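What follows is a set of notes on a single structure, which appears directly below.
The values are calculated or read from the model by the stated rules, or taken from the named source; none is laboratory data. Keep in mind the model is a prediction, meaning the values are calculated, not measured. Virtual Cβ from ideal backbone geometry, glycine too; neighbours counted across all protein chains shown. Note: areas computed on protein heavy atoms with side chains; ligands, DNA, RNA excluded. Shrake-Rupley method; radii C 1.70, N 1.55, O 1.52, S 1.80 Å.
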Amino acid sequence: MRAALLFGLPVGLVAGGFFVGAREVAGPPPAVRPTMATSQRQTFDLLLAGGTVIDGTGAPGRRADVGIRGDRIVAVAPSLPRAGATRVIDATGRIVAPGFIDLHAHLEPLLQLPLMESALRQGVTLAVGGPDGGSPLPLAPYLDSVRTTTPGINVAYLVGHNDIRRAVLGMADRAPSAAELARMQQLVAVAMGQGAFGLSTGLLYLPGTYSNVEEVIALARVASDSGGIYTSHLRKEGLGLLDGVGEALEIGRRAKIPVVLTHHKAVGRQMWGKSVVTLAMVDSARKAGTDVMIDQYPYTATHTNLGVLVPSWAMAGGNAEFRTRLENPALKDSIVRGIIFNILNDRGGGDLARVQFSRVSWDTSLEGKTLKDWAVRRNLAPTPENGAQLVLEAMLKGGANAIYHVLDEGDVRRIMTSPYTMIASDGRLSRPGDGHPHPRAYGTFPRVLGEYVRTQKLLTLETAIHKMTQMPATRLGLRDRGVLRDGAMADVVVFDAATVKDQATFTEPHQYPAGIGTVIVNGTVAVASGKATGVRAGQVLTRR
């Protein structure tokens, strides 16, 4: 159901003037709380005293105390009585902001890492899983298991197109029949009824890459009918990027669904600078009535599986058929030429040194090393041809994940400054010593605050926080998160604007950030003095 008002403003408007085009899908407004005039009579379970409150709306920071009772903020005022507080945290000289919302997170290890510390210690209090077309299916039993575990932060989920398609068509490279499409639509409807916030696609990945636009529109309409959103890992992010953006905009327009171009970027040297065009496409689509936004991580490297270097047609039918094709000399030659092309022109960046292994189950000594390092280890010249043979070998051994250093800083900066861009990590839950993850898993939000706000001055602190809080909350239709005000949920981060920074690097990724002293999840202190308390206070959020 479309809302008439949101935060007291017409749909699509928030304080600060950003158009975010959200739908109201999160239930009734929070209960009215006592006013500032009665604050002297209030008592608090927790009082954040003396900090500079940046409330998430984009408004200028102001000196204020924040009073919390239970899981709600009950007062924000210039001065609140400390005597009425069970616990006082001195926030003098610190920024007090809404907890950060990660609109694109890989939460697959959640049941093994329930504290979710790599996200929590960045100041993240809500993460959205199920991106890039991959999600738990069926959704409801998984959400029950997460509730039973009790996550360290709040979580929400999208339903993934790849898993929907796999459940009905397996790895078939064909369009669905009418009956199969109806079954896929039913699976989307069921997941939406179980609380999914929308549909995600990963049209670069298997088996979503075998779909056509009509299939995706049909499924997106189902999510739209339930008040959901559509997030898309575009079919192409390198050569073909403009077509990929155009397809996502067409899906949004025809399905009448809010769109997020997720982890938006321009891959490969040939496409550097094309964000000028893609952002113009977004502006044009918005003026024409398509509700489209963007999310982005602040790094010049991507991360995904090694299979993106292999032509998708070669993987149709699954691993067994892939192996069979490699036994045919003509087909193998075509596959190798396709890999060489991708190394030269797309995710390979034209240089084996740009492909850095992050997880290699069959040889962990390669983790952190590059495809060039592997070639040198084998006494091979680091040519695209030799790189292609190593990629094939890796795929036959079970595949691998890799970091691809193929983005341009100019595009990163340009996309970040768009008024329609939110910050999201695309990071996988991580723990020290396990693999060699992309540093975004530990550092996304602090990196924006330290590098792009304090050092580069690309964004104001208020704008950066708005992009991390109210903007994604509104995109999800959540009216009581992403802001600091009376009645809002008590998800809060307290950090030092002068010292906050990411410490994870591409060579040493397992490092927690600096400068984030306190994180509060649903009114419970989950990080104190920069360390996780071990208390898990997250909830499973569902669309209503």
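Which condition does residue 332 not pass, out of (1) at pLDDT 95 or above; (2) in contact with a Gly (Cβ under 9 Å, 6 or more places away or on another chain), if it passes all the others?
Result: residue 332 passes all but (2).
Is it the case that some residue within segment 222-244 is open to solvent by 40 Å² or more (accessible area, probe 1.4 Å), in a helix (DSSP H, G or I) and either closer than 19 Å to residue 134 by Cα or among the hydrophobic types (A, V, I, L, M, F, W, C) (or both)?
Yes: one or more hits.
Output the number of residues of segment 288-314 satisfying the condition of being in contact (Cβ under 8 Å) with a residue 40 or more places away in the chain and under 25 Å from residue 437 (Cα atoms).
Count: 18.
Kindly provide the set of residues from segment 63-81 that are open to solvent by less than 10 Å² (accessible area, probe 1.4 Å) and either under 28 Å from the mean Cα position of the chain (by Cα) or within 11 Å of residue 43 (Cα to Cα) (or both), ordered by number.
Listed by number, the residues that qualify are 67, 68, 73, 74, 75, 80.
How about segment 304-336: which of its residues are open to solvent by 60 Å² or more (accessible area, probe 1.4 Å) and of a type in the set (Gly, Ala, Ser)?
Correct list: 320, 330.
With respect to residue 393, determine if the residue is of a type in the set (Asp, Glu) and in contact (Cβ under 8 Å) with a residue 24 or more places away in the chain.
Against the criterion (of a type in the set (Asp, Glu) and in contact (Cβ under 8 Å) with a residue 24 or more places away in the chain), residue 393 does not qualify.
Would you point out which residue out of 265, 287 is surrounded by 24 or more Cβ atoms within 10 Å (Cβ to Cβ) and at pLDDT 95 or above?
When all the criteria are applied, what remains is 265.
Got at least one residue in segment 195-215 being open to solvent by 20 Å² or more (accessible area, probe 1.4 Å), of a type in the set (A, V, I, L, M, F, W, C) and at pLDDT below 95?
Checked segment 195-215: at least one residue is open to solvent by 20 Å² or more (accessible area, probe 1.4 Å), of a type in the set (A, V, I, L, M, F, W, C) and at pLDDT below 95.
Give the residues of segment 314-333 that are under 27 Å from residue 356 (Cβ atoms) and in contact with a helix residue (DSSP H, G or I) (Cβ under 8 Å, 6 or more places away or on another chain), sorted by residue number.
Within segment 314-333, 314, 315, 322, 323, 326, 332 qualify.
Of the conditions (1) at pLDDT 50 or above; (2) loosely packed, with under 14 Cβ neighbours inside 10 Å, residue 58 satisfies every one except a single condition; which number is it?
Just one mismatch for residue 58, condition (2).
Limited to segment 117-133, what total is found for residues that are at positive phi and either open to solvent by 10 Å² or more (accessible area, probe 1.4 Å) or of a type in the set (D, E, K, R) (or both)?
1
Given (1) over 29 Å from residue 261 (Cβ atoms); (2) buried (at least 24 other Cβ atoms within 10 Å of the Cβ); (3) not acidic (Asp, Glu), identify the lone condition not met by residue 97.
Of everything listed in (1) over 29 Å from residue 261 (Cβ atoms); (2) buried (at least 24 other Cβ atoms within 10 Å of the Cβ); (3) not acidic (Asp, Glu), residue 97 misses just condition (1).
Within segment 245-267, can one find any residue that is more than 20 Å from residue 215 (Cα to Cα) and over 22 Å from the mean Cα position of the chain (by Cα)?
Within segment 245-267 (the criterion being more than 20 Å from residue 215 (Cα to Cα) and over 22 Å from the mean Cα position of the chain (by Cα)), the answer is no, since none of the residues qualifies.
Checking residue 544 against (1) of a type outside the set (Gly, Ala, Ser); (2) assigned to a loop (DSSP other than H, G, I, E, B); (3) touching a strand residue (DSSP E or B) at 6+ places or on another chain (Cβ under 6 Å), which test does it fail?
Evaluating residue 544 over (1) of a type outside the set (Gly, Ala, Ser); (2) assigned to a loop (DSSP other than H, G, I, E, B); (3) touching a strand residue (DSSP E or B) at 6+ places or on another chain (Cβ under 6 Å) leaves (3) as the failure.
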